[in-house]
Amino acid sequence: MRADKVTPQSLLSQKQNGTAIAAVTAYDYPTARLADESGIDIVLVGDSLGMAVLGYEDTLSVTMEEMLHHARAVRRAVQQAMLVVDFPYGSYQISVEDTVRNALRFVKESGSQAVKLEGGVSQATRVQALTTAEIPVFGHIGLIPQSVHRMGGYRVQGLSEATAAQVCKDALALQAAGAIALVLEGIPRELAASITSLLTIPTIGIGAGPDCDGQILVFHDLFSLSFRQPPKFVRSFGNAATLIRNGLEDFREAVRTRSFPNDRESYHMPAGVSIELTGAHQPANGKR
């Protein structure tokens, strides 16, 4: 576990001194605790919750109540990392007032230290309002999953001069509005490198190449627990799916062969205490 608490100021210092920022998603107490104890800088309760944990087809079905429920569990585990919570789809798109109201819920009800929303220039007014309300904001530009229908799928963004220029405009607009960091997703590494050098705030990449100020991956992708073909940018750092599956198969076999539990794993009556089963139903084979 790291010795110091991660803050917006310490993240900025990491950008300035070239110390890469490590971030992961987490959705429950055990995974958040492991991330925190491993010295991870940022723990994000992402709306990827929908696909990674709840079994939804995309992130669009996740609700505020689901995000709050999981964020509270993560908050109980995180001591040093910065806790960031995603706005779910529909919780900030309608009005600035809704945005601030829901952000305040995240801070008050889950202990979130920052919130994250998707979109660039179009979200600058909301970012400014949140900053005025003293709520740190992470922006998220490039491939933004909540716009999957408009984008026609999960496609790399910024591949043309015009679209690359728009991503740069989005980044500058969010920084000017007060965002403390940006997630850059699904864009060419050259574009991500340019944006990172252009901005004074940290960039966190996911599918944006190695030149960002930090990197984030979904916990379940890190450990082969997503049950889908991983995107190109994912690297597995352990196969928890195989470990858990093998363990469950061993447990099933031990139960079926009656080798679990054994005598050492069982409790016993104290010496001299007998059991009388007066009136109790006795199985035909004399066993229970």
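The values are calculated or read from the model by the stated rules, or taken from the named source; none is laboratory data. Bear in mind the structure is a predicted one, so any value in this text is a computation, not a measurement. When we count neighbours, we look across all protein chains shown, and the Cβ atoms used for this are built from the backbone with ideal geometry, even at glycine.
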Can you name the residue in region 32-46 that is of a type outside the set (Gly, Ala, Ser), in contact (Cβ under 8 Å) with a residue 24 or more places away in the chain and assigned to a helix (DSSP H, G or I) and, of all such residues, is nearest to residue 215 (Cα to Cα)?
36
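In region 76-154, which helices (runs of 4 or more DSSP H) lie fully inside it and hold 2 or more residues that are buried (at least 24 other Cβ atoms within 10 Å of the Cβ) and in the same structural domain as residue 207 (by TED's automatic domain parsing)?
Passing ranges, in order: 96-110, 124-132.
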Subset of region 57-96, residues within 24 Å of residue 131 (Cα to Cα) and in contact with a Gly (Cβ under 7 Å, 6 or more places away or on another chain), comes to 75, 83, 86
If you go through region 186-193 one residue at a time, do you hit one that is surrounded by fewer than 18 Cβ atoms within 10 Å (Cβ to Cβ) and more than 28 Å from residue 17 (Cβ to Cβ)?
no
